[in-house]
Each structure stands twice: as structure tokens, then as C-alpha cells.
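The values are calculated or read from the model by the stated rules, or taken from the named source; none is laboratory data. Since the structure is predicted, the reported quantities are computational estimates derived from the model, not experimental observations. Cβ atoms come from the backbone with ideal geometry, glycine included; neighbour counts cover every protein chain shown. When the accessible area is computed, the model is the full protein with side chains, heavy atoms only, and any ligands, DNA or RNA have been set aside. Shrake-Rupley method; radii C 1.70, N 1.55, O 1.52, S 1.80 Å.
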Amino acid sequence: MPNTQNPRSRPKQGKGSASGLLARRRQTLGVHSPLFYDEPIALVSGEGVWVTDVDGRTYLDAYNNVPHVGHCNPVVVEAICAQASQLNIHTRYLNSQVIDYAEELVATFGAGLDKVSFTNSGSEANDLAFRIANQRTGNTGIIVSDFSYHGNTSLLADVTTALPTRNGLSDNVRAIRIPDLDAAGNDLSSALLFEKGIRELDAAIESLNNEGFGVSAFLFDPLFSTEGLCRLPDGYLQALQQRIHAAGGLVISDEVQSGFGRTGEAMWGHELSGLTPDIVTMGKPMGNGHPIGGVVTRAELLDEFGAANLYFNTFAGNPVSAAAGRAVLQVMNDEDLMANAQSTGSGLKDGLEQLAARFDFVSAVKGRGLFFGIELLSDPKTGLSAPAVTKKLVENMKSNNILISKVGRHETVLKMRPPLVFNKSHAELLLEGLEASLNNI
Ligand SMILES: Cc1ncc(COP(=O)(O)O)c(C=O)c1O
């Protein structure tokens, strides 16, 4: 374990210091470019599950899923460098690296999901998925969860419910509440919550039909991570899929958060609920930080879209991106990282549950694999509201050299989602840090 103490007696000063970089960032990127923490961290290097800042202080990274197989993983770095020094070119030429990756990636899917179109990001992937759905169905109506984020294109800004956007939802969009058995204040049984959720879905479908939009797609994150890691009533997603299909729409599983073995139990999040989506989108961990995303779907859907639309994307699926993607799959396989997510994750979840039982302002431990949430309540002893408790804990963990974050409708869920190389000793450090921070509250 690296030394997490700051070896310097005084923090760095000047334009390369954290405060200097913050001022310069605001000057050039503007004041609204988002950052984490009251005092943002200026990072300079990373290795495995560790990142180090400009002052030489090292943090345990229990938050970042993009460096999926570890920060600066040497296999990925080597693959990127080797391909970059051989050839990088746009996507209208044949190249074996790209085809090898496409074959390896689609081989991780079942049920006819055997075609891929590469993109540069998760947003582009979801945008393309909407276009494919619109091409197939002829409909424009979209259903999403009422607290979700799927990307930053103009089409996706129209369906964003978890972040502020200027126009709010478009007329052709309906947002439904995803039932969560753990939601604060929920006193309904699984069966009643299921019925309530399906009634709301039926109303959304009916209203899209009545207003002439029809149903084009339901877009969802199988972990419902932005929503705060909902615990669904049994059978909810299958019933939802049946209804979307019956209404003529397609189901798009956004695996930007839940894919690539994050849950430990399956390569793709949708597999856990036993449904087969029509389209799967992906991004973030796909290139370990190198920008690449993708859409995986059935042949007839991609063919129908491609015949009517020439989809060309200069950088998407270039040889260097493909090399990065292949290296991620290789490391996952060589180091059996899905199994690690499952074993480290289940030990960590036990530890979190034991810890949670000792603090009356912790209401639930959520998540699976290496994706956790801890739902917090207000603290009667200190009078702090639940969002204030959550924020304080995140800041306090940073003081203890551990990076985590918060999520959920009211930002009352601590979010932990480390690189997949997070092992049992890292899990112990995380639990020790959390215990200290919870005591500190
Ligand atoms: C579930 C989900 N989908 C899509 C996106 C958008 O991905 P990107 O930022 O790569 O465009 C995000 C980003 O946070 C996400 O969490």
C-alpha cells in the first residue's frame, strides 16, 4: 500500500497547485464546469486503485469505474502505445485490430446480440440507440426513469431527469418512478410496489399513444445507479419489457455503469434480471479511460438502420481505441476480475452491513458486485439532514485519503464503485475509513 501521508511539509503553491489550477480552470473552462469536493483534488498520477495529487498525497480510489482494470494498467498502456506507434486511422479502412475487438466483444453477449457499432462515448451510444429504435418502430415516444442520466447530446438532454436542463422533458418523453423496495418511506410490499410501478408504466404508454408519439424505446440502466441503486420488486423488468414490446417499442439497456462484469455475477447488468434487451449501449470502462463506447444489437436492427442512414463516425472504433478495448477484455479474463468483483464485493457488502447496523442514521446497504450504496437518514443527534450527513461523510472520507461519492434523488446514498482490481485488503481499508468517518459524524 502506498504511503497515504503527505510527504511534503507544505502544500504546493503557485499556478500548478490545486488552488492555482482551480483558478485557471475557472478562467478557461468557466465556473460551471463541475468538480468534486469543496476543495477539488488536483491529480497527477495513478496506479491500480491508487491516485496521487500534486502535493504527493495518495488516495484509495473507491469511486472510479472508468479505470476498470486499474489506473494506468500496464497491459492497456502497452496496447495503446504499440498500436499508436504502428497505425491510427479513421474507420473507413479495414484493420484487423478493430475486427478482432468487435468479434471478442460480441462474443460476450447471447441471444442474437451479435452486431456492434462503435462510438466515442456513452452519450453517442445512447443517441445512436434512439435513432435505431426510431428507424425500426417509426415511433418517437421515449420512456425513462424519473431520476436518470444517459448522456449529453441534444437528444439525451431531452430525456434527462436527474440533472438540470434548460427545456426539461420533451413532449415525446415520459418519466416513470422506478419502484425501490428500500426507498425512504416505502411501506408497500413487493407485490403492491410492482403493481404501482406497472400502472405508472401503462399510463405512460397510453399517454404517448394518445398524443400520437407511439412508443419507440424504454431506456434504462439495469442497476438504476443514478436513482440510488433501486431494489426492484421481482419480475418488474420482465413485465415492463413485455409491455414495451406489446406497445411496439424497443428496450435499450444502458450498460455504461452496469456492464463489463461490474456486478460480479454477469458480464452485463441486464442478465441479472433475465431479460434480453433489443439494444445494449456501453462506454466508461470499455477502454479503461481511453474514449470508446458502443452499441450492440441484433443484425436486423442494425441493417435496417444502416440501409436508411449512412452512420459514419471518424474516431469511433479506430485501431488505438480497439487496442485499448481488447486489452481491457484480456486483463479481465487473465485476472478473473469478474470473480474478484463477486468475492471482494460480497465480503465488502457483509462488512458494510455490519457497520451499518451500528449507526442509526444508516438505513440500507445497496448494490452488488463492486457497486455499493449506503442510504443515509438524518442524524437526530447532530440534527444534520440526510443530504448533509452524506456530504459530510464524502468530505470526511477524502480527509482520510479515500475517494467515494454520493448519488440518489436527494443525494442521500453514498456511492462506492472502485476499479475492478479492488481486492480484499483494499476493501478492509475502505471499511476502516468508513468506520472512522461514521464515528466522526
Ligand atoms: C448510465 C450512463 N449512461 C450514459 C452516460 C454518458 O456517458 P458519457 O459521459 O461517456 O457520454 C453516463 C455518464 O455518466 C451514465 O452514467
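Looking at segment 134-177 only, could you name the residues that are in contact with a Lys or Arg (Cβ under 6 Å, 6 or more places away or on another chain) and farther than 16 Å from residue 205 by Cβ?
147
Give all pairs with beta carbons closer than 7 Å in which a residue from segment 121-133 that is over 16 Å from residue 160 (Cα atoms) meets a residue that is near the ligand (Cβ under 7 Å from one of its atoms) and at pLDDT 95 or above; count only pairs at least 6 apart in sequence or on separate chains.
Cβ pairs passing all conditions: 121/283; 121/293.
Mind checking whether some residue in segment 251-262 is at pLDDT 95 or above, open to solvent by 10 Å² or more (accessible area, probe 1.4 Å), away from the ligand (no atom under 14 Å from the Cβ) and assigned by TED's automatic domain parsing to the domain that holds residue 78?
No, segment 251-262 contains no residue that is at pLDDT 95 or above, open to solvent by 10 Å² or more (accessible area, probe 1.4 Å), away from the ligand (no atom under 14 Å from the Cβ) and assigned by TED's automatic domain parsing to the domain that holds residue 78.
Does residue 324 fit the bill of being open to solvent by less than 10 Å² (accessible area, probe 1.4 Å) and modelled with pLDDT of 95 or more?
Yes, satisfied.
Find the strands (runs of 3 or more DSSP E) located wholly in segment 288-397 whose residues include 1 or more that are touching a residue at least 12 places away in the same chain (Cβ under 8 Å), under 22 Å from the mean Cα position of the chain (by Cα) and not assigned by TED's automatic domain parsing to the domain that holds residue 415, and list them.
Once the strands (runs of 3 or more DSSP E) in segment 288-397 are filtered for at least 1 residues that are touching a residue at least 12 places away in the same chain (Cβ under 8 Å), under 22 Å from the mean Cα position of the chain (by Cα) and not assigned by TED's automatic domain parsing to the domain that holds residue 415, what remains is 293-297.
Could you please find all residues in segment 31-89 being open to solvent by less than 20 Å² (accessible area, probe 1.4 Å), under 22 Å from residue 420 (Cα atoms) and part of a helix (DSSP H, G or I)?
Correct list: 76 only.
Given the structure, is residue 360 surrounded by fewer than 18 Cβ atoms within 10 Å (Cβ to Cβ), modelled with pLDDT under 95 and within 30 Å of residue 389 (Cβ to Cβ)?
Yes: the conditions hold for residue 360.
Filter segment 215-236 for residues that are open to solvent by 10 Å² or more (accessible area, probe 1.4 Å) and touching a helix residue (DSSP H, G or I) at 6+ places or on another chain (Cβ under 7 Å) and give the result.
If the condition is that a residue be open to solvent by 10 Å² or more (accessible area, probe 1.4 Å) and touching a helix residue (DSSP H, G or I) at 6+ places or on another chain (Cβ under 7 Å), then 222, 223, 234, 235 are the ones that fit.
Can you pull out the residues in segment 274-309 that are within 16 Å of the ligand (Cβ to nearest atom) and small (Gly, Ala, Ser)?
Quick first cut of segment 274-309, residues within 16 Å of the ligand (Cβ to nearest atom) only: 277, 279-296.
Of everything in segment 274-309, those that are within 16 Å of the ligand (Cβ to nearest atom) and small (Gly, Ala, Ser) turn out to be 283, 287, 289, 293, 294.
Looking at segment 227-275 only, could you name the residues that are among the aliphatic types (A, V, I, L, M), touching a residue at least 24 places away in the same chain (Cβ under 8 Å) and part of a helix (DSSP H, G or I)?
The answer is 237, 239, 240, 244, 272.
For segment 110-155, which residues satisfy the criterion of being within 10 Å of the ligand (Cβ to nearest atom) and either part of a loop (DSSP other than H, G, I, E, B) or not assigned by TED's automatic domain parsing to the domain that holds residue 249 (or both)? Explain how you work it out, then say what you get.
Our first condition is that a residue be within 10 Å of the ligand (Cβ to nearest atom); within segment 110-155, this holds for 119-127, 148-153.
Those that are within 10 Å of the ligand (Cβ to nearest atom) and either part of a loop (DSSP other than H, G, I, E, B) or not assigned by TED's automatic domain parsing to the domain that holds residue 249 (or both): 120, 121, 148, 149, 150, 151, 152, 153.
Which of the residues that make up segment 407-441 are assigned to a helix (DSSP H, G or I), open to solvent by 30 Å² or more (accessible area, probe 1.4 Å), under 15 Å from residue 346 (Cβ atoms) and not hydrophobic (A, V, I, L, M, F, W, C)?
In the first step, residues of segment 407-441 are kept if they are assigned to a helix (DSSP H, G or I); the result is 424-440.
Adding the requirement that they be open to solvent by 30 Å² or more (accessible area, probe 1.4 Å) leaves 424-425, 428-429, 431-432, 435-436, 439-440.
Among the residues that remain, those that are also under 15 Å from residue 346 (Cβ atoms) are: 424, 428, 431.
Matches in segment 407-441: 424, 428.
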